[in-house]
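**Student:** Supplied in structure tokens, the structure appears directly below.
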Amino acid sequence: MTNKTLTLTAGVSPAGVEDQVMPVRGRVVKSKWSRDLLTFLMVFGPGLIVMVADNDAGAVSTYSQAGAQYGTHLLWIVLLLLPVCYFIQEMVVRLGIATGKGHAAMIYQRFGKWWGLFSLVDLQLVNFLTLVTEFAAINLALSKMGVDPRYGVPLAAAGLVMLVLTGSYRRWERIVVFLCLLDFAWFWIAFRLGPPLGQIVKHAVFPSMPAGGITPDLMFLVIAIVGTTIAPWQLFFQQSCIADKRLRFADLKWARLDTFLGACVTVTAAVCMMVAGAASLTHGFHFTDPAQMAADIGAFAGPAMRDLILLMMINAAVLGTTAISLSSAWAYGEVRGWPHSLQLPWREARGFYSLYLICVAAAAGIVLIPRAPLQLIILGVQVLAGVILPSAIIFLQLLLNDKELLGEYANKPWNNWVNWTIIAVLFILSLILAAQVTAPNLFPSAVGGPTT
Amino acid sequence: MGTIASPMDLETRNETRKDHFVVVHPLDDVQETKVDTEALGPMPMTRTVRLSLLSLRAYLILMVLMVVYHVVMLAR
């Protein structure tokens, strides 16, 4: 492929960077195949980031717990979530490309301030609590690695702030995509620790129930898996990311491919986390938290494996933190009309960057408070995210049926059938979760069920 | 170095030659005209949709309060 760069000048007016003139640079390639590959690589990013960042600290904890308690029996649920993840985020891609605006701005403009305010408050509340859990995981992993969290946590927070302060969307995206690609280490972990491939495929493809049947604990874990795989912040994050990157109508098919590949990577990584948990079960360890699980695995697989799992836990928390904090800052910036682009330097988007900084610093600070009720916060986050998710998706579904807004990009009838089915299932699960957490005695200790 | 007004022109011209293509990063490209969402105003909603959204909001407030109550009880 022989490339050259052409530079010419044109006026542009991206969100918050009006009145600037930027050079337009195009790369010249000689074949259609090279053109398609290069276009994909240029569009690639938001889909992978949103999906991999979804495998955050809470997800590592949930998937490894599922493996540590039920072996590989729940793999099929994770696989079932692949199309769900894709269909929901694909709607966000269409909305982002068609409007060039973030999700919070869309809700404000199309549903009015009252609904917009509720959505924003819901998002900020769940996001902040989730951030606390990310830093709690960093704290836990650093402690297990022998690093004093009093230094490690502020250092991680400072790194996360520096990451966005480069004044370049591309620089931020490249660093974060690199961190996302580190997630492939989970494949190696699973390969080293995992059961035979045949067993993994069998439990991933053919639904089965663990010995003991359907119990409240199993239900809770299944709902937690669903809740951790699809989160409200993802809708806001990917749409704002697409708007900030200024994806064009012609980029839609590549953005869809990016999202699909992201969904495949995140689901496969989730399977690997479950397989790692299953390895600790095979060796007779009782699951308490993922950091302890890493230490248990280290007892039979060596300290290098223990440290690798702990590092991957920190990487998951870092990815989750940057994506969630950005979704909060983008959403607030859109609603307040502040300049809100990673392309802007600090001095031109002080409100946007300050909110990001406040989110990160406050969450890190809470984690360092001695005897902070972190376990309660984690529990609250899981339930709140589960409760809020169906409502967030309903707004998305209504926006995607807004033909005045989207025209040919609006949902087709088959999209609606798929999406309303997903919403109905999520609603039922959120009701069960809320009922189970708020009134645990409502459910019998065991419902019984088939075993394999 | 070209003196072309926009990369769109460049691509059109290259498409006719079929021997090379220009790929422009979205951030380097001229910004596309998108739907003018502000001019559209609020979405027209039927009474059923409005009532459904209100019920959803009431459900959410109730659930959040229940969760907060439960967490506070657990903290004691």
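The values are calculated or read from the model by the stated rules, or taken from the named source; none is laboratory data. Note that the structure is predicted; figures quoted are calculated from it, not measured. Because the Cβ atoms are built from the backbone with ideal geometry, glycine has one as well, and the counts that use them run over all protein chains shown.
**Student:** Which residue is modelled with the highest pLDDT, if the candidates are limited to region A:17-39 and must be assigned to a loop (DSSP other than H, G, I, E, B) and more than 7 Å from chain B (Cβ to nearest Cβ)?
**Tutor:** Initially, region A:17-39 is screened for residues assigned to a loop (DSSP other than H, G, I, E, B), giving A:17-19, A:30-31.
Then drop every residue that is not more than 7 Å from chain B (Cβ to nearest Cβ), which leaves A:17-19, A:31.
On the way: A:VAL17: 50, A:GLU18: 48, A:ASP19: 46, A:SER31: 90.
Here the residue is A:SER31.
**Student:** Here is a further query. Within region A:115-213, which helices (runs of 4 or more DSSP H) (wholly inside it) include 3 or more residues that are surrounded by fewer than 20 Cβ atoms within 10 Å (Cβ to Cβ) and over 19 Å from the mean Cα position of the chain (by Cα)? Lay out the reasoning, then the answer.
**Tutor:** Working: elements: A:149-164, A:169-181, A:185-193, A:197-205.
Qualifying helices (runs of 4 or more DSSP H): A:149-164, A:185-193, A:197-205.
**Student:** Against the condition modelled with pLDDT under 85 and at the interface with another protein chain (Cβ under 7 Å from one of its Cβ atoms), how does B:MET43 come out, does it pass? Outline the logic, then answer.
**Tutor:** Values: modelled with pLDDT under 85: no; at the interface with another protein chain (Cβ under 7 Å from one of its Cβ atoms): yes.
Here the answer is no, as B:MET43 does not meet what is asked.
**Student:** Continuing with the same structure: Have a look at A:VAL92, A:VAL126, A:VAL147, A:VAL153 and point out the one that is more than 20 Å from B:LEU56 (Cβ to Cβ) and either facing another protein chain (nearest Cβ under 10 Å) or touching a residue at least 12 places away in the same chain (Cβ under 8 Å) (or both).
**Tutor:** Working: A:VAL92 fails: more than 20 Å from B:LEU56 (Cβ to Cβ); A:VAL126 fails: more than 20 Å from B:LEU56 (Cβ to Cβ); A:VAL147 fails: either facing another protein chain (nearest Cβ under 10 Å) or touching a residue at least 12 places away in the same chain (Cβ under 8 Å) (or both).
Unique residue meeting the criteria: A:VAL153.
**Student:** Every residue in region A:40-64 that is within 14 Å of another protein chain (Cβ to nearest Cβ) and either under 10 Å from the mean Cα position of the chain (by Cα) or not β-branched (Val, Ile, Thr) (or both), please.
**Tutor:** Of the residues in region A:40-64, the ones within 14 Å of another protein chain (Cβ to nearest Cβ) are A:40-47.
Result: A:PHE40, A:LEU41, A:MET42, A:PHE44, A:GLY45, A:PRO46, A:GLY47.
Residues are listed down the side, and each one gets a yes or a no for (1) of a type in the set (A, V, I, L, M); (2) buried (at least 24 other Cβ atoms within 10 Å of the Cβ):
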| position | (1), (2) |
| --- | --- |
| A:PRO290 | no, yes |
| A:ALA294 | yes, yes |
| A:ALA301 | yes, no |
| A:ASP307 | no, no |
| A:LEU311 | yes, no |
| A:ALA331 | yes, yes |
| A:GLU334 | no, yes |
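**Student:** Shifting gears a bit: List the number of the failed condition for A:LEU342; all other conditions in (1) assigned to a helix (DSSP H, G or I); (2) farther than 22 Å from A:THR62 by Cα; (3) not β-branched (Val, Ile, Thr) hold.
**Tutor:** (1)
**Student:** Give me the pairs, please: first residue somewhere in region A:35-59 and farther than 30 Å from B:ASP19 by Cα, second residue anywhere and in a loop (DSSP other than H, G, I, E, B) and of a type in the set (Val, Ile, Thr), beta-carbon distance under 9 Å, and either six or more positions apart or on two chains.
**Tutor:** Pairs found: A:ASP54/A:ILE230.
**Student:** Just checking: which of the helices (runs of 4 or more DSSP H) contained wholly in region A:357-452 hold 2 or more residues that are farther than 22 Å from A:THR62 by Cβ, away from chain B (no Cβ under 14 Å) and at pLDDT 80 or above?
**Tutor:** On the way: elements: A:374-400, A:403-406, A:413-438.
Helices (runs of 4 or more DSSP H) meeting the threshold: A:413-438.
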